[in-house]
Amino acid sequence: MAKRPTIARNVSSLRRALAPYRDAGQTIALVPTMGALHRGHLALVRQAQRRARRVVVSIFVNPTQFAPHEDFGSYPRRFETDIAALADAKIDLVWAPSASVMYPDGFATRLAPEGAAKAGLEDKFRPHFFGGVATVVAKLFTQVAPDFALFGQKDYQQLRVVTQMAKDLDLPLKVIGMPTVREKDGLALSSRNLYLSAGERSVAPLLYRVLKTCAARIKNGEKIEGVLDVGRREIDLAGFALDYLEARHALTLAPIASRREGPIRLLVAAKIGTTRLIDNLGV
Ligand code: AMP
């Protein structure tokens, strides 16, 4: 049986577990997650192991990035299954604080990221989200003090916000974005896919198909707005409630009207039934 990782549950035991790594001059990579681990998370773990001698995986469902009407209460929690998967992946340290360890009584600080965090994408539909993400990720970065931190491009706007935050706060680490891991039919892996009914699951891959078609047509020189309009209609017709399908500058996430203005990222968010899915693709 694979060796169970050490599970640190408070900051002092985390520091105790990290001390020997630091004393030995070993590099450390952090993979932040909210648990319910899937192959996408495990791809980040494997890449982290290539980059650094030691890998810390954090599992923390962060209450401050959920609005009261969102799915914090029902978000999938599978701690023991996650630990078994991380043991198989040969992870030796898991950082799993409780909410009261992360946010003790009297906690009174919240980051307010701007720039990519105000692009009018996720932030428009989840106005509280990036403040919560930036705050918890800044805490994770200072708690673990890793040399590298790995994030998925699946959450593209989040990757841009976290990269900018680490730069703006002069945090001495490199944020690395990794490609989205997908099911065979193209659906991006997500812990929230567990919510999908069989019927919803069968339409869900349409989002990625639309992204691919739009990217190909834009690459062929068709006008961006026209291409996106067709894509939006297709998503509506399939029964999604579309939040957005947008073409943005891949780095700043500013609106972009033509390919000449820079590298383009297409980003989509839509609800199928009660489940909100997001995805994105480079052109
Ligand atoms: P989460 O547990 O959903 O907060 O995700 C933790 C990390 O895994 C984030 O950096 C996500 O972007 C990343 N991630 C989630 N889904 C995927 C996926 N399908 N492929 C690659 N990375 C992913």
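Just so it is clear, none of the values below were taken in a lab; they were calculated from the coordinates. These numbers were taken from a predicted model, which means no experiment stands behind them. Every residue, glycine among them, receives a Cβ derived from its backbone with ideal geometry; neighbour counts consider all protein chains shown.
At a glance:
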{"item": "Positive minus negative residues near VAL181 (Lys, Arg vs Asp, Glu; Cβ under 10 Å)", "result": "+2"}
{"item": "GNM top mover of LEU18, LEU111, LEU86 - the chain, alpha-carbon springs below 10 Å", "result": "LEU111"}
{"item": "Whether the chain is rounded, prolate or oblate, judged on the alpha carbon gyration tensor where a/c under 1.5 counts as rounded", "result": "prolate"}
{"item": "Neighbour-count ranking [beta-carbon atoms within 10 angstrom, fewest first] of ARG54, ARG201, ARG110", "result": "ARG110, ARG201, ARG54"}
{"item": "Two-site label geometry, SER258 and SER202: point separation in nm, points 7 Å out along Cα→Cβ", "result": "4.4 nm"}
{"item": "Local electrostatic count, THR163, Cβ distance below 13 Å [Lys/Arg +1, Asp/Glu -1]", "result": "+1"}
{"item": "Inter-site label distance for ARG16 and ASN220 at 7 Å from Cα along Cβ, in nm", "result": "6.3 nm"}
{"item": "Euclidean distance of C-alpha centroids, segment 1-68 and segment 237-260, integer Å", "result": "33 Å"}
{"item": "Segment 124-283: C-alpha gyration tensor shape, a/c 1.5 cut-off, then a/b vs b/c", "result": "oblate"}
{"item": "Likely footprinting exposure, HIS38, HIS69, fewest C-beta neighbours within 10 Å first", "result": "HIS69, HIS38"}
